[in-house]
Amino acid sequence: MRKIMCLLFSLVLVVAFVAPVFAQETDPTAPNRANIYLFVEYFRNRNMTDLLPVINSADYMAYTPFSPDGALSNPTDAIPGENDMNAAFDLDFTGYIILAEGNYVGLIGYQEADFTGELFGTPPNGQHFEDQILFATEFDENGMATSDIEVWNPIRFNQFMGWAPVEYTFNSQPWDMRLGSTSTTPSQHHATLQALWDALSSGGSAADANAYAADVVTHDYLADVSGAEATVAMYDALAGLDGFTLVDTRIICEGDLCLTGVVTSVTATDPADEDGHVNILWMAVQRFVDGKIAEEWWLYDNAALWAFLPPAD
């Protein structure tokens, strides 16, 4: 354990002093950023699962498409499951961007693996899988991860595993995205997005079209949508779901990029649902140019959302 803590401390120094100039390395995000770097490069890419107790707190909570209501996960108890996953489906991050703001860090990742071992009773097909994955992670004062909102493309993964019929064709490739700078600040970008979700939570229009560049492009699972009016309509459709409320909202901005992670709740359609609600996880990356949102990439629990709001033909 002492060696692990020394490694973590070393990574804090590396990330703090080698990170790009625009990184927030002088504030408390430095250890948080190092934690995510440790997760990507050592826990995931080098399969060092014993690091989990120095990455996640003992009462770590995960919101994922597998557990949209949130699931407590003791890091020590989770190690055997991670080893089983590595033995069957050795996912590596082959590309990623880390954003940090305050007690939150956003991970914009791209993972790849060959499915070579049994997973959840499913025999391997030997095929290659690759896709985007987003994290919005909260940290405590000690730089330990306390909770994640984590989203990938559930329908594509279920199709790949043979758990769902192949009804959709997805174009999976790394997003053309880089962390840069623009004339406005991350705090201004954060305020723009916070106003959007404040409007959503109050039942108002999802977004002010003036927040968007005239030629904004929003990348959804099956198509690109052009123009502010079309993008705002997508938000309004989400907010118009019966019983729509916000459980948790995380906005993380750095440079010209923001990552937004949201746990939403809608009224359940199945009367057998004892809680009367269904959580739907929604995440996106926004790119700002001179104070306007010029491009968005959406990633959400489409298996859950499309059951309420089928995609347009």
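When each of Val217, Val232 is tested for being farther than 20 Å from Glu150 by Cβ, outside the structural domain of Gly70 (by TED's automatic domain parsing) and assigned to a strand (DSSP E or B), the lone residue that passes is Val217. In this structure, Ala239 qualifies as touching a Leu at 6+ places or on another chain (Cβ under 8 Å) and buried (at least 16 other Cβ atoms within 10 Å of the Cβ). All of (1) within 22 Å of Glu167 (Cβ to Cβ); (2) surrounded by fewer than 19 Cβ atoms within 10 Å (Cβ to Cβ); (3) out of contact with any strand residue (DSSP E or B) (no Cβ under 7 Å at 6 or more places or on another chain) hold for Ile155 with one exception: (2). For Ser201, the conditions (1) closer than 20 Å to Cys253 by Cβ; (2) polar (S, T, N, Q); (3) not assigned by TED's automatic domain parsing to the domain that holds Ala284 all hold with the exception of (3). Looking across region 281-294, the residues that are more than 13 Å from the chain's Cα centre (by Cα) and either assigned to a loop (DSSP other than H, G, I, E, B) or crowded, with 22+ Cβ neighbours inside 10 Å (or both) come down to Arg287, Phe288, Asp290, Gly291, Ile293. Here Tyr168 clears all of (1) assigned by TED's automatic domain parsing to the domain that holds Cys258; (2) among the hydroxyl-bearing types (Ser, Thr, Tyr); (3) surrounded by fewer than 16 Cβ atoms within 10 Å (Cβ to Cβ) except the condition numbered (1). The residues in region 72-124 that are outside any loop (DSSP other than H, G, I, E, B) and more than 20 Å from Arg250 (Cα to Cα) can be counted, and the count is 28. Candidates are the residues of region 50-96 that are farther than 22 Å from Pro124 by Cα and of a type in the set (S, T, N, Q); the one that is surrounded by the most Cβ atoms within 10 Å (Cβ to Cβ) is Asn56. For Asp114, the conditions (1) out of contact with any His (no Cβ under 6 Å at 6 or more places or on another chain); (2) in contact (Cβ under 8 Å) with a residue 12 or more places away in the chain all hold with the exception of (1). For region 250-265, the criterion of being over 19 Å from the mean Cα position of the chain (by Cα) and either without any contact (Cβ under 8 Å) to a residue 24 or more places away in the chain or surrounded by 14 or more Cβ atoms within 10 Å (Cβ to Cβ) (or both) is met by no residue.
Just so you know, in region 48-68 the residues that are in contact with a Pro (Cβ under 7 Å, 6 or more places away or on another chain) and not aliphatic (A, V, I, L, M) include one that is nearest to Ala303 (Cα to Cα), and it is Pro65. Scanning region 140-149 for residues that are over 17 Å from Asn74 (Cβ atoms) and modelled with pLDDT of 95 or more yields one hit, Ile149. Trp175 satisfies every condition listed in (1) under 25 Å from Val262 (Cβ atoms); (2) exposed (fewer than 15 other Cβ atoms within 10 Å of the Cβ) except (2).
The values are calculated or read from the model by the stated rules, or taken from the named source; none is laboratory data. Predicted, not measured: the structure shown is a model, and the values here were computed from it. FYI the Cβ positions are ideal-geometry reconstructions off the backbone, even for glycines, and counts take in every protein chain you see.
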